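Each remark here refers to the structure printed beneath this line.
The values are calculated or read from the model by the stated rules, or taken from the named source; none is laboratory data. Computed from a prediction, not measured in an experiment: that's the story for all the values here. Glycine gets a Cβ as well: all are built from the backbone with ideal geometry, and neighbour counts include every protein chain shown.
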Amino acid sequence: MTVSSAPGKVYLFGEHAVVYGEPAVPCAIERRARVTVERRDDDRVRVNADDLSLDGFTVAWGGEGDDAPELDVPTNLLEAAMGYIDGAVAQARDAADAPDAGLDITVESDIPLGAGLGSSAAVVVAGIDAATRELGAAIADEALAERAFQVEHEVQDGQASPADTFCSTMGGAVRVQGEDRRRIDDVGSLPFVVGYDGGAGDTGELVAGVRDLRDRHVFAADTVEAIGDLVREGETLLRGEDTPLDELGGLMNFNHGLLSALGVSARSLDSMVWAARESGAYGAKLTGAGGGGCIVALDDSEGSKTALDYTPGCEEAFRAELDTDGVRRES
Ligand code: PMV
């Protein structure tokens, strides 16, 4: 039996602008998906995923006929996760050169699904890693990140960015700019608090909206560039000896304002952002595509978590510090 886990993520800075070649800084958070894999004697794949039980995870299962797994949970929930797990199994069989290997797979996750926190990336990274190792092969982090990205890319019809899978594999704060993806070393503690409105925006539509604004207005293109400038400044702060949380928070606030100007915030996100700021957070912003979903605040006190718990429209609030570990080979 082999167990791997991998973290979810938030964007400290730079979503949307990253689509136009600016840098972004996603950060792994201390919320993980764990995948347990045990080889079977036959060529079947059996999946148990009782935890994957939130709405909004809408990806079709890509298996067919004899290749379809036996299901231990209600079909609609499982169908959602199956495309990812199916892809992870295919990658692991390929990496281990064991095309007919049968596997029993158990998925557990503390990351809300479909909320822009990288839940699918974490499941895919942990799944490929555990399955490949269970089949007797080793897999290096770079290759794992690349294989996980391929799965997301396929399942999400070519829409996935490599940020989630790279961040989940490597852990910590990472810098993504085009093909250039790297870890930012020696980042101090980042006390994140996440607020979740229970919904999700349509990433494709939101990205298209920003593209349209940017094509039509020079000031919108300038806004995207301003986000890039802000990310470069934020990165410098992260690399310093003592992370100045107040300055980082100020940049997060600025980043939220620019994203809002680009039309990707929402009333629920703004109200969670303000609840966090007014209760003492260093800063707060939406994270991911926007339109609904999650905000991330920087706060080392209990203030914003408590305020978010009482904010109408906030369905869940939790503390999730920066996780410096990426994929973890648990056993
Ligand atoms: O909502 P998420 O976590 O999938 O992030 C989307 C980030 C965007 O920059 C808006 C799109 C992308 O692919 O980079």
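Here are some notes:
- From the list GLY234, GLY250, the one residue that fits, being outside any loop (DSSP other than H, G, I, E, B), within 21 Å of the chain's Cα centre (by Cα) and among the small types (Gly, Ala, Ser), is GLY234.
- The set of residues from region 180-197 being over 22 Å from PRO23 (Cα atoms) and within 16 Å of the chain's Cα centre (by Cα) comprises VAL193, VAL194, GLY195, TYR196.
- Among residues of region 288-308, those that are more than 16 Å from the ligand (Cβ to nearest atom) and not in a strand (DSSP E or B), counted: 10
- Selection count where residues are part of a strand (DSSP E or B) and within 11 Å of the ligand (Cβ to nearest atom), scope region 14-36: 2
- Any hit, region 257-264, residues being part of a helix (DSSP H, G or I), over 27 Å from LEU322 (Cβ atoms) and in contact with a helix residue (DSSP H, G or I) (Cβ under 8 Å, 6 or more places away or on another chain): yes
- The set of residues from region 312-322 being part of a loop (DSSP other than H, G, I, E, B), away from the ligand (no atom under 16 Å from the Cβ) and closer than 21 Å to ILE111 by Cα comprises GLY313, CYS314, GLU315, GLU321.
- Set LEU251, LEU237: member being in contact with an Asp or Glu (Cβ under 9 Å, 6 or more places away or on another chain), touching a residue at least 12 places away in the same chain (Cβ under 8 Å), more than 25 Å from ALA115 (Cβ to Cβ) and in the same structural domain as VAL273 (by TED's automatic domain parsing): LEU237
- When ALA131, ALA138, ALA121 are checked against the criterion of being under 15 Å from ARG329 (Cα atoms), hydrophobic (A, V, I, L, M, F, W, C) and either out of contact with any helix residue (DSSP H, G or I) (no Cβ under 8 Å at 6 or more places or on another chain) or crowded, with 24+ Cβ neighbours inside 10 Å (or both), ALA131 stands alone in meeting it.
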